[in-house]
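The structure appears right after this line, and notes come after that.
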Protein chains: 2
Amino acid sequence: MNEIARPTLDDVARAAGVSTATVSRCLNAPERVITTTRERVMQAVEALGYTPDFGGRALASRRTNTVGAIIPTMENAIFARGVQSFQEVLSKAGKTLLVASSGYDPEHEREQIGVMISRGADGLLLIGSARPQANVDYLRRRGIPYLGAWNLGGPEGHFVGFNNRAAAFDLTRRVIARGHRRIAMIGGISYMNDRASDRIDGVRAATREAGLGEIRVIEAPYGFDDGAEAFGALMTAEPRPTAVMCGNDVLAVGAMRKAREMGLRVPGDVSITGFDDIDISAVVDPGLTTVRVPHRRMGEAAAEMLLKLIDKQPVDRQIEIPTAIVERGTLGPPPAG
Amino acid sequence: MNEIARPTLDDVARAAGVSTATVSRCLNAPERVITTTRERVMQAVEALGYTPDFGGRALASRRTNTVGAIIPTMENAIFARGVQSFQEVLSKAGKTLLVASSGYDPEHEREQIGVMISRGADGLLLIGSARPQANVDYLRRRGIPYLGAWNLGGPEGHFVGFNNRAAAFDLTRRVIARGHRRIAMIGGISYMNDRASDRIDGVRAATREAGLGEIRVIEAPYGFDDGAEAFGALMTAEPRPTAVMCGNDVLAVGAMRKAREMGLRVPGDVSITGFDDIDISAVVDPGLTTVRVPHRRMGEAAAEMLLKLIDKQPVDRQIEIPTAIVERGTLGPPPAG
DNA sequence: AATCGAAATGTAAGCGCTTGCATATCACCA
DNA sequence: TGGTGATATGCAAGCGCTTACATTTCGATT
């Protein structure tokens, strides 16, 4: 492999017999260069396989056309989907997206924010609103526009997301309306995760409103097995809960599996609900009753908002993406007796 | 928000009363600066909230410590998982990962390669081996090390992946051993996707070996509904196939759903197999018989190999990650008669 | 043919950083 | 006290690019 050193603007200029300025213009403002010259230049670009150096360009033009997104993990389909549409919109606007993951760790998030700034991100997408003030200050001091997504947020900052609390509240009311009085919950880990904690809060608020007293909530990591295990634990209670509400669909499907293993019929013996409406939820049997959360729309809305923020156009402080309850088979009346 | 202009090395140097060189050394080779000075500098860095500019740094040092990965889509959990562990290993080695998606389009992949080069990637992770020669040449000319992952590849280039063809072949033999003679397949879209086409080839080779003649193969996009639809189409044949082998688990689970809707028992009336062993496969009922593909291990192995390649250390040209057949409930003997 | 203005191109400064080399500092020894 | 080598710091060039400004070119007009 006799590798060729990466050609520079200068190489192209020399090859085409013009100045670097002209080459630069060919690339960035072709209409300012006469056709014959442009063709000669482009030919040289092609021949040398020239690719402009991003660093040099960013340095000279003081623009990066780069947007960053810091998500907890790429493994969660929920984020993957939203980020995908986020990036599609950005890419149409000529921006490239840099994705980093924080592993649900605020410290790590802070680091990644540094990386993004360092790479000159024009704007940033973060998930949710629960984070140390320091992380946000860091951004504010630089005046870099940023956005919390997947949830609505506190009194300041911009958000595009769902009202997780209200959605959980509504779903719980629906469960109660079906006649359930003994409700338990498997929630996501709520530490520094406002999506998880809001969902728990919503369920609690509704059960309290109905005078059901304090319900039992087990927090579990994001995984089928974790849902199964938590479900098993909840089912040891005497008398057993008649409905188990889950903080997300993965936990719910795990719970369903465990119910089957325990010989419990769903919804005959126990009702189960989820949250997110991921693909599997329509596929399992019976179908999972859950909350539909339109991730694609959210990703798009977030991209549009961030683009406006970067352009210093006026925007609403929050955009709420509506959710909807999807009734399938896992929610039924409590068993008689 | 009275935003402060981003501080530069110069600002820090002035604030600390030293030269830019010293500040630079504090950041990159602290041991070469005396403690008292270093403390003063670090204080200034902290006070100003200085973050080094990546572009400037890359330009001056001719190093980026950046690795790129171009995957078909982030939405596919299969890639998400592998990439996640890929990046964990890289990050321990002090490299940052840039992820881009090609949307299964070679043209788009080519573009993204350009973006990666332009950002100074030290190495690149690509998926599979099926791509226009032009895409590869582009990389070769620059001497940028790259790797095909998720599959093994042709006579040249480096690969870390699975032998998709052999795995499909083995699974098919197992199906045939159970007594199936009428086998059909739902494959992924094979165009420019060697994982999909190798799996189809493997199944075909095994059925041919067993003298079962040409089997029917429907190619379907990656989605539950697509699997369901294809399954429906296959089931119109007379006589019906007794086993439907699927190119991935998503298609297989979609097929299972459709079978249920059609009133067919699995595996009583029809056996179904998948490929990948994603999370759901253990959760559906009956459990899906499939091929386990250890994505995390692959991601790690790929990262290690790429790091060596970048360091110009010797490496094996291919690393095969072993797969394993996972027998669960969806494969049984064909129905009697 | 001379003049003029617009269009095309060139010149060169500098973006923020690293680094080879020159210089300053200092502890130590003769 | 002067000299020495090691250590710490500064100076300044230059990485690849964009862009304000200067210069050249050229067609149109008089």
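The values are calculated or read from the model by the stated rules, or taken from the named source; none is laboratory data. What you see is a predicted model; the values in this text were computed from it and never measured. In this analysis, Cβ positions are derived from the backbone assuming ideal geometry, glycine residues included, and neighbour counts consider all displayed protein chains. Protein only, heavy atoms only, side chains kept; ligands, DNA and RNA dropped before computing areas. Shrake-Rupley method; radii C 1.70, N 1.55, O 1.52, S 1.80 Å.
Quick rundown of the values:
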item	result
Volume per residue that the Cα convex hull of the stretch A:9-52 spans, once the total is divided by residue count, Å³	55 Å³
Pairs of Cα atoms farther than 37 Å apart, chain B, %	35 percent
Dipole of the stretch A:164-293, positive end: most advanced residue of A:A166, A:G179, A:A196 [Cβ charges, Cα centre]	A:G179
Set A:K95/B:K95; B:K92/B:K308; A:K92/B:K95 screened for pairs whose C-alpha atoms are more than 19 Å apart	A:K95/B:K95; A:K92/B:K95
Test item: Cα-centred dipole of the stretch A:1-80, Lys/Arg +1 and Asp/Glu -1 on Cβ, debye	380 debye
Cα-derived Rg to Rh of the stretch B:1-94, Kirkwood definition	1.14
Area hidden from solvent between A and B (accessible, protein heavy atoms only, 1.4 Å, total, Å²)	4700 Å²
Size-normalised alpha-carbon gyration radius of the protein assembly as shown, reference 2.2 N^0.38 Å	1.06
Chain A: relative contact order in percent, alpha carbon pairs under 8 Å with at least 6 residues between	16 percent
For the stretch A:105-130, residues shielded by at least 40 square angstrom of accessible area compared with the chain on its own, probe 1.4 Å	A:S118, A:R119
Ellipsoid semi-axes in whole angstrom, largest first, where each is sqrt(5λ) of the Cα gyration tensor of the stretch A:289-337	39, 10, 5
Fraction of accessible area attributable to carbon and sulfur, the protein assembly as shown (%, probe 1.4 Å)	49 percent
Relative pair counts by distance (%), Cα atoms of the stretch A:164-293, 5 Å bins	2, 12, 25, 27, 22, 10, 2, 0
Rounded to 10°, Cα long-axis angle of helix B:295-310 versus longest principal axis of chain B	40 degrees
Rounded to 10°, Cα long-axis angle of helix A:249-261 versus longest principal axis of chain A	40 degrees
Within the stretch A:145-176: backbone nitrogen closer than 12 Å to the A:R317 label point (7 Å, Cα to C-beta)	A:153-159
Span from the the stretch B:209-274 Cα centroid across to the the stretch B:33-112 one, whole angstrom	43 Å
C-alpha long axis of helix B:224-234 to longest principal axis of chain B, angle in °	30 degrees
Computed magnitude of the charge dipole of the protein assembly as shown (debye, nearest 20; Cβ of K, R +1, Cβ of D, E -1)	560 debye
Beta bridges per DSSP with both ends in the protein assembly as shown, % antiparallel, nearest 5	10 percent
Rule-of-thumb Rg ratio for the stretch A:135-185 [Cα; 2.2 N^0.38 Å; N residues]	1.76
Within a Gaussian network of chain A (alpha carbon springs, distance under 10 Å), most fluctuating of A:I117, A:I183, A:I34	A:I34
Cβ neighbours within 10 Å from other chains - mean over B:277-287	4
Shortest-first distances to equivalent copies, position B:R265, nm, label 7 Å out along Cβ	1.8
Among B:I272, B:I280, B:I186, residue whose mean-square fluctuation peaks in a GNM of chain B (springs only between Cα atoms under 10 Å)	B:I280
B:Y50 - accessible surface, heavy atoms, 1.4 Å probe, Å² rounded to 10	30 Å²
At 7 Å out from Cα toward Cβ: B:G154 inter-copy label distances (nm, ascending)	5.6
Solvent exposure of the stretch A:9-52 as accessible area per residue, Å², 1.4 Å probe	58 Å²
Dipole in debye (nearest 20) - the stretch A:116-253, about Cα centre, beta carbon charges: Lys, Arg +1; Asp, Glu -1	300 debye
For the axis carrying chain B to chain A: nearest C-beta residue of B, whole Å	B:G55, 2
A:E107 versus A:E31: modelled label distance in nm, points set 7 Å from Cα along the beta carbon direction	5.3 nm
Candidates per trypsin sites (Lys or Arg not before Pro) in the stretch A:219-289, loop by DSSP, up to 16 other Cβ within 10 Å	A:R265
Copy-to-copy label separations for B:G49, where each label sits 7 Å from Cα toward Cβ, in nm and ascending	4.3
The stretch A:164-293 - percent relative contact order, Cα under 8 Å, separation 6 or more	23 percent
Rh by Kirkwood over Cα pairs, then Stokes-Einstein D for the stretch B:30-165 at 0.692 mPa s and 37 °C, µm²/s	194 µm²/s
